[in-house]
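Worksheet: the structure to be examined is printed underneath.
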Amino acid sequence: MNETETKIIAILEKVRPYIQTHGGDVRLTKIEENVVTLTIDGACTHCPLAELTYNKVIRTLILEDVPEITAVVVNGQLTTN
């Protein structure tokens, strides 16, 4: 596991308990060419607030804390500015 992956997993571990209380989960699928791909599972896949949680909160944390990452993809949807 490289440093970038370690940082991203640490971010996901911080937000995972909150997501799990709502019946969902998030996992790192891959990192390729400075793009992180995440997969969301469970109730969060159909929740209207998931967009806020994933596109604003998690994406923001990753892009701020892991500057080498240039984009975040969640379930196939690009979530960059």
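The values are calculated or read from the model by the stated rules, or taken from the named source; none is laboratory data. Nothing here was measured: the structure is a model prediction, and the numbers come from that model. In case anyone asks, the SASA skips ligands and DNA or RNA and just uses the protein heavy atoms, side chains included. Shrake-Rupley method; radii C 1.70, N 1.55, O 1.52, S 1.80 Å.
Quick notes on this one:
- Residues in the range 9-28 that are open to solvent by 70 Å² or more (accessible area, probe 1.4 Å) and in a strand (DSSP E or B): R27 only.
- In the range 13-53, the residue that is modelled with the lowest pLDDT out of those that are farther than 19 Å from E64 by Cα and polar (S, T, N, Q) is T45.
- Residue, modelled with the lowest pLDDT, within the range 54-81, restricted to residues that are polar (S, T, N, Q) and part of a loop (DSSP other than H, G, I, E, B): N81
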